[in-house]
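The values are calculated or read from the model by the stated rules, or taken from the named source; none is laboratory data. This one's a predicted model, so the numbers in the text were calculated from it and none came from an experiment. Neighbour counts run over all protein chains shown; Cβ positions are idealised from the backbone, glycine included. Remember, those area values only see protein heavy atoms, side chains included, never the ligands or the DNA or RNA. Shrake-Rupley method; radii C 1.70, N 1.55, O 1.52, S 1.80 Å.
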Amino acid sequence: MLLSINDAKRVPDDNSWSLHYRATFALGLPFVGAQLAQLAINATDVLMVGKLGAVELAAIILATQMFFTLFIFGSGFANAVVPMVAQAVGRGDAVAVRRAVRMGMWVVVLYGALTAPILWYSGAVLRFAGQQPEVAALAQSYLRVAQWAIFPSLLFMVLRAFLSGLERAGIILHITLATLVLNAALCYVLIYGHFGVPALGIVGAALAALAVALLGLALAVGYVQIVPQLRDYEIFVRFWRADWLGFREVIWLGLPIGITILAEVSLFTVASLLMGSIGTIELAAHGIALQFASIAFMVPLGIAQAATVRIGLAHGRGDGLGVRRAAIAALVLGAACAALGGTLFATIPYGLAALYLDTGRPDAAAVLAYAGPLIVIAGAFQLVDGLQAIAAGMLRGLKDATVPMIMAMVAYWPIGFGFAFVLAFPLGLGGVGVWFGFLLGLLAAAVMLNLRFFRLVSARR
């Protein structure tokens, strides 16, 4: 029964433009929603802990950034499973699907075990990095509980990759929304102490994070086991049987994906450091503009994830026309969404910035004046950032990750950071120069990655 289902996928019923646009939109939309819901989960933790005081707020920001850095790198291995599953489904190979998911789980569990000591001794790490002992101690108390969440979180990401490769993104959104609601409720009860539960402060937030991660994994496992078409893949049957070729492929493909993601994340961390060295007003304005850019980025990121799946499926079944049309559909949808967002940013930048400010404060006017131009730049920023993210997703659909990693790192750092520093300091453009520099870096990444994709596709025609 399973093989007949997969064999049906090997023959493209329709390669019309309308099909590709509809399919990419239908698959990308729940991905976008899931990304936005995840942002809301993180924001909830920070907002609720922030009410406890400045020390607690600083501690959870440090702790969640440290956890996120390790998690985002480990998610590269989970992301590697997406094209492996999609290509296997495209060619009707159910065994390869099963092995890819199993070995993905093996790799992320091993990664979680290797990174556990870093999180357990995070206090020492943070003190070595120059953080205040009180803040470092609180951050460690959070991470010594939350560190166990890295296992269910990454295992969920692997199952998410499995479901994505089968174009079942809707359930991912529903699970993320369920965890969002649970996280808010648990944080309210555990942080502040309600309904007879003692107030646990920042440790309560960590317990909530762990509970939410376990719930997400449990719901994903339950869904896979309940739905007959998914249960037939027998993901958990003979789970301990090794497939060393698949294991190596997850690592070989996932390592450059993780490095690429981490390189971009670290670039924005450095951007904040550069802005902080210019001034407090500039850093505050930068933070506001970056919030809008981050929210807007969830749209092309979701489309990029859909592109990986759609291209992987077409590539797996040997459908060259489907690969090209899936790619173009993703790029057009991404550019259209960026144009809408850019227009909004350019039209009411000061109104948007004011949403994050108490306009009655004496420094609000200065922050608002500086944030407005940065938000306008963020409008152009999201176009090039979106196009490079979609191109990276398209290349992953072809299982091409190492050369794109090199291209991205060159674009992000020598070009992006180099121009940002020169424009901001020697040329005296300040914070605007930082944003223009990173804009140029992401533009370089978009051009290089898209050129590589279409050259690879042309060469395989």
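When the chain is described by a simple charge dipole with +1 on each Lys and Arg Cβ and -1 on each Asp and Glu Cβ, the residue from Ala293, Ser153, Trp413 located farthest towards its positive end is Ser153.
In plain terms, the chain from Gln65 to Thr359 could stretch by 103.0 nm, reckoned as 0.36 nm per residue minus the Cα-Cα distance. All C-alpha to C-alpha distances of the stretch 363-441, sorted into 5 Å bins beginning at zero, yield P(r) values of 3, 15, 19, 20, 17, 12, 8, 4, 2, 1, 0 percent in whole numbers. The orientation-averaged shadow of the Cα convex hull for the stretch 297-410, equal to a quarter of the hull surface, comes to 8.1 nm².
With N the number of residues in the chain, Rg(Cα) / (2.2 N^0.38 Å) evaluates to 0.98. Packing around the peptides 94-104, 233-243, 290-300, taken as the average count of other Cβ atoms within 10 Å per residue, puts them in this order, highest first: 94-104, 290-300, 233-243.
Share of Cα-Cα pairs in the stretch 254-300 beyond 18 Å, in percent? More than 18 Å apart: 40 percent of the Cα pairs in the stretch 254-300. Measuring spread by the Cα atoms of the stretch 137-290 yields a radius of gyration and Dmax of 19.8, 58 Å.
What the chain shows is 42 Å² of accessible area per residue, with the surface traced by a 1.4 Å probe over protein heavy atoms. For the stretch 9-150, a Kirkwood hydrodynamic radius built from all Cα pairs, placed in the Stokes-Einstein relation at 25 °C and 0.890 mPa s, yields a translational diffusion coefficient of 136 µm²/s. The value of relative contact order for the chain, using C-alpha pairs under 8 Å at least six residues apart, is 21 percent.
Rounded to the nearest whole angstrom, the semi-axes of the ellipsoid equivalent to the stretch 175-250, taken from the Cα gyration tensor as √(5λ), stand at 35, 16, 9, largest first.
Considering all different alpha carbon pairs of the stretch 208-283, the Kirkwood hydrodynamic radius works out to 16.8 Å.
With the alpha-carbon atoms of the stretch 129-168 aligned to their principal axes, the span from lowest to highest coordinate is 48, 18, 12 Å, starting with the largest.
Shown is the FRET efficiency for Tyr121 and His174, computed with R0 = 45 Å from the Cβ-Cβ distance and rounded to the nearest 0.05: 0.75.
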